[in-house]
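Reviewing the structure listed below.
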Amino acid sequence: MKFNSDEIASVIQKEIETFESQMDVREIGTVLEVSDGIARVYGLSGVMAGEMVQFPSGVIGLAFNLEENSVGIIILGDYLTINEGDEVKSLGRLLSVPVGDGIIGRVLDPLGNPLDGRGPVESTEQRPVEVIATGVSERQPVHEPLQTGIKAIDAMTPIGRGQRELIIGDRKTGKTAVALDAIINQKGTGVKCFYVAVGQKDSSVALVVETLRKYGAMDYTTVIVSGASTPAPLQYIAPYSGTAMAEHFMFNGGHALVVYDDLSKQAVAYRQLSLLMRRPPGREAYPGDVFYCHSRLLERSAKLSEALGGGSLTSLPIIETQEGEVSAYIPTNVISITDGQIYLQPDLFFKGIRPAMNAGISVSRVGGAAQIKAMKKVAGGLRLDLASFRELEAFAQLGTDLDPVTQARLDRGYRMVELLKQLQYQPMNVYDQVVSIYAATRGHMDDVAVENIADFESKLLAYMRDRKGDVMSKLEESKDLTQEVEDGIKAGIAEFKKGYKPS
Amino acid sequence: MTDEQPQETVLDVDQQQVGALYAKALLGSAGNSVDTIVSELEAVVNECLSQHPRLEQALASPRISQEQKEGMLDRIFSGRVDSKLLNFLKILCRRGRIDSLRAIQVTATTMREEAMGKTRMHVKSAHPLNDQQRKQIADKLSQVYNTQAILIEEVDESLLGGIVIRIGDRVLDGSILGKMNSIRTGVASGVQKAIRDRFETLLSP
C-alpha cells in the first residue's frame with residue numbers, strides 16, 4: 001500500500017487554499033505547580049468552572065477549583081509533560097465527547113479516543129459530558145421492562161427502562177457477571193449498551209470485551225475504559241462521558257443501558273482529586289460533595305415523556321463493599337440515590353447459589369410496574385416467600401421435628417432456590433422464565449428431586465417450545481397469563497412429566 | 001550568602017495577595033503626593049534594594065532588632081523620600097513583610113496606572129518596532145480598549161513576523177508562528193479526513 005504523493009499534495013494544497021485566517025484571541029494563565037493529575041494556574045481570570053483549558057503539549061484540562069488568586073485544573077491526560085511556567089490557554093468550551101452510531105462497538109477512553117486500534121471514531125456529533133438532568137415535566141413513570149435474562153432478578157427485583165438499579169456486593173460475588181448477562185440479553189431489543197470500566201485492571205476489561213464479543217454483544221455495546229493506571233481525573237470523568245454517550249440515544253427516542261463498574265472506585269478517584277485540591281475532607285476523607293457527584297450522575301437516567309420521544313436510559317451502577325459493610329459512606333449514598341438494589345452475598349455465592357442474590361434485602365422500588373403481566377402473576381410474592389424460607393431453613397437446622405405443612409414449605413423453598421440458580425452468560429427469555437417459575441411456584445416441581453431441578457427445567461422448556469409452540473406464542477402475544485394460556489401451560493407440564501426421566 | 005543571585009520575581013500567589021493589600025493601603029494614605037510616592041517606591045526598590053541585596057537581607061533578618069532596622073532606614077532614606085513612604089517601609093519591617101516589597105511596588109504602580117486610565121500592554125514582535133508602528137499600535141489599542149495604552153515591547157525572533165499583544169490574561173495572536181500552527185492543525189485534520197473519506201482514490205496505482 002502506497003499513497004500517491006500527487007493526490008496527497010493536492011489535498012494539502014486545497015486545505016491551505018481554503019484556510020481562513022483569523023486573529024487568534026485567547027485567555028491565558030501560567031502553571032504554578034503540577035502534582036498527580038492536577039495543576040494550579042495563575043491567571044485565566046475569566047475562566048468558568050468546568051471550562052476546558054489546553055496545555056502547550058496539547059493535553060486538555062478542566063477548571064475545577066476557582067480560587068482567589070489561582071485556578072485548580074484537573075488534567076485529563078499525561079500530566080508529566082506539563083512544566084511550571086507553561087502557558088495555559090482557555091478554550092471557552094465545555095468538555096464534550098463524540099456520540100452517535102459511530103461509537104457503537106468501540107472501546108474508548110473517557111474523552112472518546114479509540115483504544116481498540118480500529119482507527120478514528122467516525123462521529124460528527126458531540127455532546128457535553130456534564131449536563132443537568134431532565135426535570136419532572138420531561139419524564140414519565142417507568143413502565144416498560146428491561147429484561148436482564150436472569151430469573152432471580154426479572155422475577156423478584158424487576159428492572160424497568162429508565163430505572164437505576166444498584167448491584168452491590170463484596171469482591172468476587174458476581175457483580176460484573178450480572179451486568180454482563182443483562183447486556184448480553186439486550187441482543188435484538190434495540191437497547192444500546194454502555195459498559196463504563198472505572199479503575200479496573202486492564203486485563204479484566206479485556207476479558208469483558210472479549211466476552212461481549214464472543215456472545216455477539218459488541219454489535220450494540222460501547223466500552224468506556226479508564227483503567228487502574230489512568231490518572232484520577234480520567235477515572236472521575238469516565239461515568240459522565242459514558243452517560244453523555246448513552247443520553248444521545250435516549251434523546252433520539254431510543255433506549256440505552258449503562259453499567260458503571262464500579263462507582264466506589266470513581267468515588268476514590270474523586271476523593272484523591274479533592275484532597276489534592278485541598279478541599280476539606282469529610283467522612284472517610286471523602287469530600288462533602290461526593291453525594292452530589294453520584295446523584296447528578298444517576299439522576300440523568302430517565303424515562304422521557306412521549307413528547308420528547310419516550311426514550312430511556314437505564315443504569316446499573318455497581319458498588320463494591322468491604323466485608324459486607326453496606327453502611328459505609330459510599331454504599332449508603334448510592335443505595336439512597338438508586339431505585340433499588342441487588343445485593344450479592346459471598347456465602348450464597350460459595351454455597352453455589354449463583355447469582356448470589358439475597359432476596360430478603362434486594363429490592364426494586366419500581367417493582368411490578370416494570371414486569372409483563374404474566375410474570376407479575378407467577379412471581380408475585382415470590383420474594384417474600386423466599387425470604388421467609390430462609391428464616392425457616394435456619395430454624396429447621398436445629399433438628400426439631402417439623403409438621404407436614406412446614407416441611408412442604410421447606411421442600412418448595414429448596415426447589416425454588418435450585419430453580420433460581422442460573423449459569424453465567426445464559427440469559428433466559430422472559431416467557432421461558434414465566435413457564436419455569438409457574439411450574440415451581442404452583443407446585444408442579446414438588447415431586448422432582450432437588451438435584452434434578454435444573455435438568456427438569458431445561459427439558460421442560462425444550463418440550464414446551466417444541467410441542468406446545470401455540471401456547472408459547474399465545475403467551476408472547478398477550479404477555480399475560482390468561483386462563484387459556486395457564487391451562488395450556490398446566491397441560492403441557494402434566495404431559496411432559498409423564499415422560500420425564502432424569503438423566 | 002553573598003553570591004546569591006538576585007532573582008526575577010517568581011510568581012508567588014501569596015505575595016501577590018499581600019502586595020495588593022499593602023499597595024492599596026499605601027495609595028490610600030498617600031493623598032496628593034501619590035505620584036511622588038509611587039515613583040519614589042520604584043526608585044527605592046530598583047536603585048537601593050536591587051543594587052544592595054545585603055541591605056534587603058539586613059532588613060529581613062530576624063537577628064537585627066526593630067530599633068536598629070528603623071534607625072538604618074532613617075539614616076538612609078530620611079529627607080530623601082516622602083515621610084509617608086518611610087513610615088510605610090518601617091511598618092513593613094515591623095510586620096516582617098519586607099520580602100513582599102517588590103510585589104507591593106509592582107501592584108502599586110499598576111494600580112496607580114489603572115486609576116489614571118492607563119493599561120499596560122505587552123507587545124511581542126519578531127523585529128524591533130519603529131516609532132510609527134509603535135504609535136499606530138498604541139493608538140489602535142487605546143481606541144479599542146478605551147484606555148491609554150502603555151506598550152511594553154519585547155522582541156522574539158521565533159514569531160517570524162506579525163505581533164502578539166498581551167493585555168492582562170488576554171492574548172491577541174497575530175503572529176506568523178501562530179498562523180502557521182493553526183494551518184498545520186487545520187491541514188493535518190483535513191488530510192486525515194480525506195484519507196478516511198476517500199482512502200482508495202489516494203493510493204498510487
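Please treat every number below as a calculation from the coordinates, not as lab data. Remember, it's a predicted structure, so these values are computed and weren't measured experimentally. So basically every Cβ, Gly included, is an ideal-geometry build from the backbone, and we count neighbours across all protein chains shown.
Between 0 and 90 degrees, the angle of helix A:5-17 with respect to the longest Cα principal axis of chain A falls at about 70 degrees.
Counting partner chain Cβ atoms within 10 Å of every residue's Cβ in A:44-51, what's the average? Walk me through the numbers before you get to the answer.
Values: counts 1, 3, 3, 1, 0, 0, 0, 0.
The shielding value for this peptide is 1.
Backbone N atoms of the range B:62-84 closer than 19 Å to the 7 Å Cα→Cβ label point of B:ARG54 belong to residues B:62-65, B:68-77.
Nearest 500 deg cm²/dmol is fine: what mean residue ellipticity at 222 nm does chain A get from its DSSP H runs of n ≥ 4 alone, each adding -39,500 (n - 2.57), divided by its residue count? Could you put the intermediate results ahead of the total?
On the way: 16 runs with 192 residues, N = 503.
Taken over chain A, the calculation gives -12000 deg cm²/dmol.
Per-residue Cβ counts within 10 Å, from other chains only, averaged over A:14-26: what number is that?
Numbers: counts 4, 9, 4, 0, 3, 6, 2, 6, 4, 7, 10, 6, 6.
So the per-residue partner count for this stretch is 5.
Electrostatic bookkeeping for B:ASP82 treats Lys and Arg as +1 and Asp and Glu as -1; over the other residues with beta carbon under 12 Å from its beta carbon, the sum is 0.
Each of A:LEU275 and A:GLN22 was given a label point 7 Å from its Cα along the Cα-to-Cβ line. The distance between the two points is 4.4 nm.
Please report the relative contact order for the range A:1-135, taking Cα pairs under 8 Å with a sequence separation of at least 6, and give it as a percent rounded to a whole number. Mind dumping the intermediate values first?
Values: 233 pairs, mean separation 27.1, N = 135.
Here the relative contact order equals 20 percent.
In sequence order, the range A:432-448 has phi-based couplings of 4, 4, 4, 5, 6, 6, 4, 4, 6, 6, 8, x, 6, 10, 4, 9, 9 Hz under the Karplus curve 6.51 cos²θ - 1.76 cosθ + 1.60, θ = phi - 60°, and Gly or Pro positions carry x.
In chain A, the longest principal axis of the Cα atoms and the axis of helix A:263-276 are about 30 degrees apart.
Amide H contacts for B:GLU153 (H built 1.01 Å from N in the peptide plane; partners 5 or more residues away or on another chain; cut-off under 5 Å): B:VAL123. Listed by chain and number, the lysines whose alpha-carbon sits under 18 Å from that of A:LYS2, ignoring those within fewer than 8 places in the same chain, are B:LYS193.
With +1 on the Cβ of every Lys and Arg and -1 on the Cβ of every Asp and Glu, and nothing else charged, how large is the dipole of the range A:1-147 about its Cα centre, in debye rounded to the nearest 20? Please report the intermediate quantities before stating the final value.
Working: 10 positive and 24 negative charges, 55 e Å.
Computed charge dipole of the range A:1-147: roughly 260 debye.
Pairs of Lys residues in the range A:85-234, spaced 8 or more positions apart or belonging to different chains, with C-alpha separations under 29 angstrom: 18 in total. Dipole orientation for the range A:114-208: of the candidates A:PRO114, A:GLY149, A:GLN163, A:GLY149 has the Cα lying most toward the positive pole (charges on Cβ; Lys, Arg +1; Asp, Glu -1).
Spatially, the range A:160-217 and the range A:237-303 are offset by 17 Å when compared through their Cα centroids.
For the range B:17-114, what is the relative contact order in percent, using Cα pairs closer than 8 Å and at least 6 residues apart in sequence? Spell out each step's value before the answer.
Working: 69 pairs, mean separation 51.3, N = 98.
That works out to 52 percent.
Which GluC sites (Glu not before Pro) in the range A:38-114 sit in a loop by DSSP (not H, G, I, E or B) and have at most 15 other Cβ atoms within 10 Å of their own Cβ? Walk me through the intermediate numbers first.
Details: sites: A:GLU51, A:GLU67, A:GLU68, A:GLU84, A:GLU87; in loops: A:GLU67, A:GLU68, A:GLU84.
Hits after loop and neighbour filter: A:GLU67, A:GLU68, A:GLU84.
For chain A, the residue among A:VAL88, A:GLY188, A:GLY310 whose Cα projects farthest onto the positive side of the dipole built from Cβ charges is A:GLY188.
Do the sum for chain B: with -39,500 (n - 2.57) for every DSSP H run of n ≥ 4, divided by all residues, what is the mean residue ellipticity at 222 nm, to the nearest 500 deg cm²/dmol?
-18000 deg cm²/dmol
Summarising the label geometry, the points placed 7 Å from Cα in the beta-carbon direction at A:ALA491 and A:ILE8 lie 7.4 nm from one another. Set the Förster radius R0 to 56 Å, insert the Cβ-Cβ distance between B:MET180 and A:ILE361 as r into 1/(1 + (r/R0)^6), and round the FRET efficiency to 0.05. Computed FRET efficiency for B:MET180 and A:ILE361 comes out at 0.30.
Placing +1 on each Lys and Arg Cβ and -1 on each Asp and Glu Cβ, with no other charges, gives the protein assembly as shown a dipole about its Cα centre of roughly 1020 debye. Peptide B:185-194 shows a mean partner chain C-beta count of 4 within 10 Å per residue C-beta.
Starting from the Cα of B:ILE150, step 7 Å toward the Cβ, then list every residue of the range B:86-114 with an amide N under 16 Å from that point. Residues passing the 16 Å test: B:102-114.
In plain terms, the chain from B:ASN130 to B:MET72 could stretch by 16.3 nm, reckoned as 0.36 nm per residue minus the Cα-Cα distance. Could you work out how far the C-alpha centroid of the range A:328-345 sits from that of the range A:1-36, in angstrom? Centre-to-centre (Cα) distance: 48 Å. For the peptides A:495-503, B:179-187, residues were scored by their other Cβ atoms within 10 Å and the scores averaged per peptide; the highest-first order is B:179-187, A:495-503. Reported to the nearest whole Å, the Cα centre-to-centre distance from the range A:367-409 to the range B:105-153 is 84. Say R0 is 60 Å: what FRET efficiency, to the nearest 0.05, do A:ALA454 and B:ILE64 get from their beta-carbon distance? With a Förster radius of 60 Å, E is 0.10. Dipole check for chain B: with +1 at the C-beta of Lys and Arg, -1 at the C-beta of Asp and Glu, and the Cα centre as origin, the magnitude is about 480 Debye. If R0 equals 22 Å, the separation of the Cβ atoms of A:GLN140 and A:ASP480 corresponds to a calculated FRET efficiency of about 0.50. Of all DSSP beta bridges confined to chain A, the antiparallel ones make up roughly 55%. Can you tell me, using C-alpha contacts under 8 Å and at least 6 residues apart, the relative contact order of chain B as a whole percent? For chain B, the relative contact order is 19 percent.
Within the shell defined by Cβ-Cβ distances under 9 Å, the residues around A:ARG161 carry a net charge of 0, with Lys and Arg each +1 and Asp and Glu each -1.
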